[in-house]
Amino acid sequence: MDLAALNAAGRLGIDTDLLYTTPSQPNVGRTGPIDGVVGYYDAAWKATAAPAQYTITFDEPTRVAEAGMALKPGYAEAAQIKVRTASDGAWHAVGDLDYTVRWGDDLAWFRVDAGTPIDKIRVEITRSNGAAVLAELGVRAPAAP
(Lines give C-alpha, C1' and ligand atoms only; values in the text may rest on other atoms or scores of the structure.)
Protein backbone atom coordinates (compact mmCIF):
# COMPACT_ATOMS: atom_id res chain seq x y z
CA MET A 1 0.00 0.00 0.00
CA ASP A 2 1.20 3.48 -0.79
CA LEU A 3 0.88 5.04 2.66
CA ALA A 4 2.38 8.35 1.54
CA ALA A 5 -0.30 8.72 -1.16
CA LEU A 6 -3.07 7.83 1.30
CA ASN A 7 -1.73 10.45 3.71
CA ALA A 8 -1.46 13.09 0.98
CA ALA A 9 -5.07 12.37 -0.03
CA GLY A 10 -6.26 12.81 3.56
CA ARG A 11 -7.14 9.12 3.87
CA LEU A 12 -4.50 8.27 6.49
CA GLY A 13 -3.87 9.93 9.84
CA ILE A 14 -0.65 9.88 11.86
CA ASP A 15 -0.37 10.12 15.64
CA THR A 16 3.10 9.94 17.14
CA ASP A 17 5.48 11.25 19.75
CA LEU A 18 8.37 10.87 17.27
CA LEU A 19 8.27 14.60 16.50
CA TYR A 20 11.91 15.67 16.19
CA THR A 21 12.78 17.65 13.03
CA THR A 22 15.89 19.42 11.82
CA PRO A 23 16.38 21.77 8.85
CA SER A 24 19.54 19.90 7.85
CA GLN A 25 17.56 16.67 7.27
CA PRO A 26 14.24 17.58 5.61
CA ASN A 27 13.03 13.95 5.34
CA VAL A 28 13.15 13.45 9.11
CA GLY A 29 9.67 13.92 10.53
CA ARG A 30 6.15 12.56 10.88
CA THR A 31 5.92 11.25 7.31
CA GLY A 32 9.45 9.80 7.16
CA PRO A 33 8.34 6.25 8.04
CA ILE A 34 5.70 6.14 5.28
CA ASP A 35 7.75 7.59 2.41
CA GLY A 36 8.86 4.21 1.02
CA VAL A 37 12.53 4.85 1.83
CA VAL A 38 14.19 2.91 4.64
CA GLY A 39 16.90 5.10 6.06
CA TYR A 40 18.23 6.92 9.07
CA TYR A 41 17.47 10.30 7.49
CA ASP A 42 14.07 9.24 6.06
CA ALA A 43 12.51 8.41 9.40
CA ALA A 44 10.64 9.71 12.43
CA TRP A 45 12.81 10.51 15.44
CA LYS A 46 12.20 11.26 19.07
CA ALA A 47 14.68 13.60 20.75
CA THR A 48 14.90 11.14 23.64
CA ALA A 49 15.13 7.40 24.14
CA ALA A 50 12.21 4.96 24.10
CA PRO A 51 9.40 4.50 24.84
CA ALA A 52 7.88 5.95 21.69
CA GLN A 53 4.93 5.19 19.45
CA TYR A 54 3.85 5.75 15.86
CA THR A 55 0.22 5.08 14.89
CA ILE A 56 -1.46 5.30 11.50
CA THR A 57 -5.24 5.44 11.17
CA PHE A 58 -7.04 4.48 7.97
CA ASP A 59 -10.06 6.59 6.99
CA GLU A 60 -12.10 3.39 6.60
CA PRO A 61 -11.71 -0.22 7.76
CA THR A 62 -8.98 -1.86 5.68
CA ARG A 63 -7.92 -5.44 5.08
CA VAL A 64 -4.18 -5.97 5.51
CA ALA A 65 -2.11 -9.11 4.80
CA GLU A 66 1.15 -7.97 6.41
CA ALA A 67 2.51 -5.07 8.41
CA GLY A 68 6.24 -4.36 8.47
CA MET A 69 8.66 -2.14 10.28
CA ALA A 70 12.29 -1.09 10.11
CA LEU A 71 13.92 0.41 13.16
CA LYS A 72 16.94 2.70 13.62
CA PRO A 73 19.65 1.43 11.23
CA GLY A 74 22.96 0.62 12.90
CA TYR A 75 21.64 0.88 16.47
CA ALA A 76 19.89 -1.50 18.82
CA GLU A 77 16.15 -0.98 19.25
CA ALA A 78 13.23 -3.18 20.28
CA ALA A 79 9.63 -2.73 19.19
CA GLN A 80 6.22 -4.31 18.87
CA ILE A 81 3.76 -3.80 16.02
CA LYS A 82 0.02 -3.99 16.67
CA VAL A 83 -3.18 -3.72 14.66
CA ARG A 84 -6.59 -2.61 15.89
CA THR A 85 -9.67 -4.41 14.66
CA ALA A 86 -12.27 -2.01 13.35
CA SER A 87 -15.28 -3.94 14.65
CA ASP A 88 -14.43 -3.89 18.37
CA GLY A 89 -11.44 -1.55 18.78
CA ALA A 90 -9.27 -4.31 20.28
CA TRP A 91 -5.49 -4.14 19.80
CA HIS A 92 -3.62 -7.28 18.68
CA ALA A 93 0.16 -7.68 18.66
CA VAL A 94 1.30 -9.18 15.37
CA GLY A 95 5.09 -8.96 15.72
CA ASP A 96 8.06 -8.15 17.93
CA LEU A 97 11.64 -7.16 17.21
CA ASP A 98 14.13 -7.80 20.00
CA TYR A 99 16.86 -5.39 21.13
CA THR A 100 19.39 -5.98 18.36
CA VAL A 101 21.46 -3.85 16.00
CA ARG A 102 19.99 -4.05 12.48
CA TRP A 103 21.62 -3.06 9.20
CA GLY A 104 20.26 -2.72 5.69
CA ASP A 105 17.00 -1.51 4.27
CA ASP A 106 14.75 -4.52 4.80
CA LEU A 107 11.52 -4.34 6.73
CA ALA A 108 10.60 -7.12 9.14
CA TRP A 109 7.17 -8.31 7.95
CA PHE A 110 4.48 -9.80 10.16
CA ARG A 111 1.31 -11.59 9.09
CA VAL A 112 -2.06 -9.98 9.84
CA ASP A 113 -5.41 -11.79 9.60
CA ALA A 114 -6.33 -10.53 6.13
CA GLY A 115 -10.01 -11.36 6.65
CA THR A 116 -10.42 -8.93 9.54
CA PRO A 117 -10.73 -5.23 8.71
CA ILE A 118 -8.47 -3.01 10.81
CA ASP A 119 -8.50 0.73 11.33
CA LYS A 120 -5.10 1.37 12.96
CA ILE A 121 -1.53 0.10 13.02
CA ARG A 122 0.83 1.04 15.84
CA VAL A 123 4.56 0.58 16.33
CA GLU A 124 5.65 0.83 19.95
CA ILE A 125 9.40 1.27 20.37
CA THR A 126 10.07 -0.20 23.79
CA ARG A 127 13.85 0.17 24.04
CA SER A 128 16.43 2.21 22.14
CA ASN A 129 20.11 3.03 22.11
CA GLY A 130 19.83 6.81 22.28
CA ALA A 131 17.04 8.59 20.42
CA ALA A 132 14.11 6.40 19.39
CA VAL A 133 13.78 6.14 15.59
CA LEU A 134 11.25 4.44 13.30
CA ALA A 135 12.83 4.16 9.86
CA GLU A 136 9.84 2.73 8.00
CA LEU A 137 6.33 1.32 8.39
CA GLY A 138 4.98 -0.78 5.56
CA VAL A 139 1.63 -2.39 4.79
CA ARG A 140 0.83 -5.09 2.26
CA ALA A 141 -2.71 -5.57 1.01
CA PRO A 142 -4.15 -9.06 0.59
CA ALA A 143 -3.88 -10.65 -2.85
CA ALA A 144 -6.81 -9.95 -5.13
CA PRO A 145 -9.33 -12.84 -5.26
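The values are calculated or read from the model by the stated rules, or taken from the named source; none is laboratory data. Source: prediction; values computed, not measured. Note that each Cβ is placed from the backbone with ideal geometry, even for glycine, and that neighbours are counted across all protein chains shown. The accessibility values were calculated without ligands, DNA or RNA, using every heavy atom of the protein model including side chains. Shrake-Rupley method; radii C 1.70, N 1.55, O 1.52, S 1.80 Å.
Close amide H contacts of Ala86 (hydrogens built in the peptide plane, cut-off under 5 Å, sequence separation of 5 or more or a different chain): Ile118, Asp119. Prolate is the label for the stretch 54-133. Its Cα gyration tensor axes, ordered a ≥ b ≥ c, give a/c of at least 1.5 and a/b above b/c.
Database remark: amide H of Asp17 closer than 5 angstrom to the amide H of Gln53 (H placed geometrically; neighbours at sequence offset of 5 or more, or on other chains; Pro and chain starts carry no H).
Only helical DSSP H runs with n ≥ 4 go in: add -39500 (n - 2.57) per run for the chain, normalise by residue count and round the 222 nm mean residue ellipticity to 500 deg cm²/dmol. Can you show the working numbers first?
On the way: 1 runs with 6 residues, N = 145.
For the chain, the value works out to -1000 deg cm²/dmol.
With +1 assigned to the C-beta of every Lys and Arg and -1 to the C-beta of every Asp and Glu, and no other charges, what is the dipole magnitude of the chain about the Cα centre in debye, to the nearest 20? Show your work: numbers first, answer last.
Numbers: 13 positive and 18 negative charges, 30 e Å.
Using Cβ point charges on Lys, Arg, Asp and Glu, the chain gives about 140 debye.
Comparing mean-square fluctuations of Ala50, Ala67, Ala114 from a GNM of the chain with C-alpha springs under 10 Å, the top value falls on Ala114.
Once you keep just the Cα pairs under 8 angstrom separated by 6 or more residues, what percentage relative contact order results for the chain? Walk me through the numbers on the way to the answer.
Details: 390 pairs, mean separation 47.7, N = 145.
Normalised by residue count, the contact order of the chain is 33 percent.
In the Gaussian network model of the chain, springs joining C-alpha atoms below 10 Å, which of Ser128, Ser87, Ser24 carries the largest mean-square fluctuation? Among Ser128, Ser87, Ser24, the largest mean-square fluctuation in the Gaussian network model of the chain belongs to Ser24.
Candidates Val101, Gly36, Ala9 compared by Cα position along the dipole of the chain: farthest toward the positive end lies Val101, with charges placed on Cβ. Solvent-accessible area of the chain (1.4 angstrom probe, protein heavy atoms only): carbon and sulfur portion equals 50 percent. At the residue level, Lys46 shows approximately 40 square angstrom of accessible surface with a 1.4 angstrom probe and all protein chains present.
Per residue, the solvent-accessible area of the stretch 1-135 (1.4 Å probe, heavy atoms of protein chains only, all protein chains present) comes to 48 Å².
Any idea what diffusion coefficient the chain gets from Stokes-Einstein, in µm²/s, Kirkwood Rh on alpha carbon pairs, 4 °C, 1.567 mPa s? This corresponds to a translational diffusion coefficient of 86 µm²/s. Note that the stretch 27-43 has calculated 3J(HN,Hα) couplings of 8, 8, x, 4, 9, x, x, 10, 8, x, 10, 8, x, 4, 9, 10, 8 Hz, one per residue in order, obtained from phi through the Karplus relation 6.51 cos²θ - 1.76 cosθ + 1.60 (θ = phi - 60°); glycine and proline are x.
Amide hydrogen proximity for Ala65: with H placed 1.01 Å from N in the peptide plane, the residues at 5 or more positions away or on another chain lying under 5 Å are Arg140, Ala141. Projected label points at Val37 and Asp88, each 7 Å from Cα along the beta carbon direction, are separated by 4.2 nanometres.
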